[in-house]
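What follows is one structure encoded as C-alpha cells, with my remarks underneath.
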Amino acid sequence: MPSDAARIAGDIDRKSGTPIYIQLRELLRAYIGSSCPPGSALPSERDLAERFGLARMTVRQAIDALVGEEVIERVVGLGTFVRRPKLDLQVKLTSYTEEMQRRGMVPAAKVLSFEQIAANAFLARELQLEEGTALVRFRRLLLADNEPMSVDENFIPAHRVPGLLDGEPPTSLYNVLSERYGLVMEWGEDMIEATAATPSTARLLNVEVGSPLLKIQRHAFVARAMVDYSVSYYRADRYKLWVPLQRPGVRPTRNYASGYRQQ
C-alpha cells in the first residue's frame, strides 16, 4: 500500500541552483496548503526520503525549516503535524462573538458559574470596594469551532447590575451591560503575564498540566468608575499577542479599529 508521501505532487530538480532541502520545503508547504487541515499528520521522514530519493538528513532539514516557521510541529513519540494557526490577540474592548464570526469561526461559550458572591480581600482591593460587597461572578469557557480557547472570569459590583442574575446568563456580557444598564466600557487597564495551566484550567482548555498560558487581568471603567474586574487564561498555542506601537505625537498610518478583547 503506497504511503501518504506518494500523494505529494512535484519532484526535486537536481540541476536547479536552489538547495534541495528548500525545494522539498516548498513542495511540503504546497501539499500542506492544499491537502492538510490543521492537526493533520505529515508522512514520516523515512517515507518522504523514499518518495523523493533523499537522505533523511535532507528531509529533516526541510521539516526543521517548516517547524521554525510554525507551519508544522513535532509531537514527541507521535510524529509531525500541521499546526493550528494562532489567532492574534488584539487587546481591545469589543466582542469575542463578533471577532470570531469575522474570522469565519463559530463562537460558543459554556457557563461555569453565574452567581452572587461576597468580595474577599483580594477582589475588594482590585475593584476598590469594601470587603464583603456583593459581586456578580460570571465564569465561562469560551470556544471557537467547538475547540476551547480561553477561560474568562468577570466580577461586577452587584449594585451596578440589579436583576442580572434573575435571567439566563448573557451570551455577550458587554452587550448586556451596555444595552440593559447603560454601562459602556470606555477604557481599561490590562496586565498580561505568562503562567502555567493548573490541573483545573488544563482540564477545561484541553491542554497538559503546566502548559503555557497567557493570563490577562483587566480593570474596565465607565468614566472614572470601575465596573468590571476580569481574569482570562488563553491557550498560548492558539493565541499570539498583537500590540500596535506608535510614537507619541505621530498620527497613525494604519487602522487598528478591528482589534478585540473577548468578553
Evaluate E = 1/(1 + (r/R0)^6) for residue 18 and residue 106, where r is the Cβ-Cβ distance and R0 equals 41 Å; express this FRET efficiency to the nearest 0.05.
0.50
Ranked from fewest to most other Cβ atoms within 10 Å of their own Cβ, 8, 192 fall in the order 192, 8
Pulled fully out, how much extra length does the chain show between residue 124 and residue 223, if you take 0.36 nm times their separation in residues and subtract their Cα-Cα distance?
33.7 nm
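No value in this document is a laboratory result; all are computed from the given coordinates. Because the structure is predicted, anything quoted here is derived from the model rather than measured. Don't worry about glycine lacking a Cβ; one is built from the backbone with ideal geometry, like all the others, and counts go over all protein chains shown.
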